[in-house]
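The values are calculated or read from the model by the stated rules, or taken from the named source; none is laboratory data. Every value quoted in this text rests on a predicted model; they were computed, and no experiment measured them. We place every Cβ from the backbone using ideal geometry, glycine too, and count neighbours over all the protein chains shown. Quick note on the areas: whole protein, heavy atoms, side chains included, nothing else; ligands and nucleic acids left out. Shrake-Rupley method; radii C 1.70, N 1.55, O 1.52, S 1.80 Å.
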Amino acid sequence: ANALAGEQMAGGTTLTRHIMTKRGTAIPVADLALIMERIELIAKRIARELAAAGLSGEHGYTGETNVQGEQVKKLDQWGNQVFLDAFEQGYPVCSLISEEMDEPHHYSVNCPDNSYCVLYDPIDGSSNTDVNGSLGTIFAVKKRAPGHSHGIEDILVPGTQQLIAGYILYGPAAQLIYTAGAGVDIFTLDRTLGEFILWKENVKMPAHGSVYAVNQANAGKWNEGARKFLAHITSRKDKRTSYSLRYCGAFAADFHRFLLEGGIYLYPGEVAEGGKAKGKLRLMYELAPLSMIAEQAGGRGTTGKKRILEIAATGIHERHPIYIGSAEEVALAESFNVEG
Ligand code: F6P
């Protein structure tokens, strides 16, 4: 098996080479390359750390809660610092928005008017850290408006304005998946070469799949439509109502299955007593990036009522319900009026 893997890498296309020869992106290739060179470094640092996290004691909680009221894991904070360090050199990225920071972080050195903002969740699915489960890093890039100063109105614009979106998956192998608006490409980290090598190019998500992913234990809190949708896809009347459930608790890892094999990930809104349904996942650095990947691959991402990429945020940590994956399954969910 080693020989086979080695053979495949022998004439492999590195991420850098692939980007330098990329055509049709909305962002100039020189800027794309500069930004992705940083993301690649981040991916390698996190992949290396996760492989050794059990040894280095990075597991466990810090005792703090983040802006979302969730307990912070040591790895979340460390992963955030990896981004802060990587972009310290400024241009072309001069602003960072992170799940782990209340407010945007702006660099002031080497930051001319034509700069970019990176939005990210450094360690996605962090409840998996203590059990050696799959984890992810999700990111998106938007252009900053000239003369933006420290305001963020130009970043709150809908996800259709994202220039780059992607995620890194830390599973048995580390993979980097990204789009710059010209298709979705997947790279696998060859740890001995220290290079991300092209694995699949211009990936298309199957229009239909036979798997769904959801935290089903929450079903009692969903709208009736979402419960009916679940009942339908588990009713086993025929092939089209006989789905399998696969859920690992890391959005990027669950989504990855659907990108490759088709199916649907859902995190329906949960209805608080007497209130309206609220989503859990964050728009700016979880839902919008993966929706851009989904759409670029021919799939879809919606709140159940609205296309994710058309939502303008009112705040950087805003949450929404999500139904994302194969076009057919997402349309099926919508037909059940899942969010009322
Ligand atoms: O960031 C939110 C997240 O950790 C996702 O990665 C994951 O899909 C989801 O929450 C898991 O939520 P739950 O613990 O409710 O299943």
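Where q = 0.25, 0.33 Å⁻¹, what log10 of I(q)/I(0) comes from the Debye formula for segment 180-223, counting one point per Cα? Treating every Cα as an identical point scatterer, log10 I(q)/I(0) equals -0.91, -1.09.
The slack in the chain from residue 127 to residue 310, taken as 0.36 nm per residue of separation less the alpha-carbon distance, amounts to 62.9 nm.
Percent of C-alpha pairs per 10 Å bin in segment 2-200, short distances first: 8, 34, 35, 19, 3, 0. The simple spin-label model puts a point 7 Å past each Cα toward its Cβ; for residue 113 and residue 33 those points are separated by 2.6 nm.
Applying a 4.7 Å Cβ-Cβ cutoff to the chain, the cysteines left without a disulfide-compatible partner are 117, 248. Screening the chain for whole DSSP H helices of 24 Å or more along their axis (Cα) with average Kyte-Doolittle hydropathy at least -1.0 returns 29-56.
Entry note, the chain: the mean residue ellipticity at 222 nm calculated from DSSP H runs of n ≥ 4, each adding -39500 (n - 2.57), is -8500 deg cm²/dmol after division by the residues and rounding to the nearest 500. Using only the alpha-carbon atoms of the chain as identical scatterers, what base-10 log of I(q)/I(0) does the Debye formula give at q = 0.07, 0.10 Å⁻¹? Cα-only, vacuum Debye calculation for the chain: -0.28, -0.58. Here the chain exposes an accessible surface that is 50 percent carbon and sulfur, computed with a 1.4 Å probe and the other protein chains kept in place. Rolling a 1.4 Å probe over the protein heavy atoms gives segment 211-335 an accessible area of 40 Å² per residue. Straight-line cross-link reach from residue 200 at under 24 Å between alpha-carbon atoms covers these lysines, not counting any fewer than eight positions away in the same chain: 22, 44. Based on the Cβ-Cβ distance from residue 182 to residue 247, what FRET efficiency comes out when R0 is 30 Å, to the nearest 0.05? Efficiency, rounded to the nearest 0.05: 0.45. Placing unit charges on the Cβ atoms of the charged side chains and taking the dipole of the chain about its Cα centre, the candidate lying farthest along the positive direction among 140, 265, 287 is 265. 3J(HN,Hα) along segment 306-317: 9, 4, 3, 5, 9, 8, 8, 7, 9, x, 6, 10 Hz, from the Karplus curve 6.51 cos²θ - 1.76 cosθ + 1.60 with θ = phi - 60°, whole Hz, x for Gly and Pro. Relative contact order for segment 114-218: 17 percent, from Cα pairs under 8 Å spaced at least 6 residues apart, divided by residue count. By the equivalent-ellipsoid construction on the alpha carbon gyration tensor, segment 211-335 comes out with semi-axes of 21, 18, 12 Å, ordered largest to smallest. Here the spin labels are modelled as points 7 Å beyond Cα on the Cα-Cβ line, and at residue 157 and residue 276 they lie 2.6 nm apart. Summarising the label geometry, the points placed 7 Å from Cα in the beta-carbon direction at residue 202 and residue 91 lie 3.5 nm from one another. Working from Cα pairs under 8 Å separated by at least six residues, relative contact order for the chain is 16 percent. Taking each of 228/280; 204/305; 237/276 in turn, the alpha-carbon distance tops 30 angstrom for 237/276.
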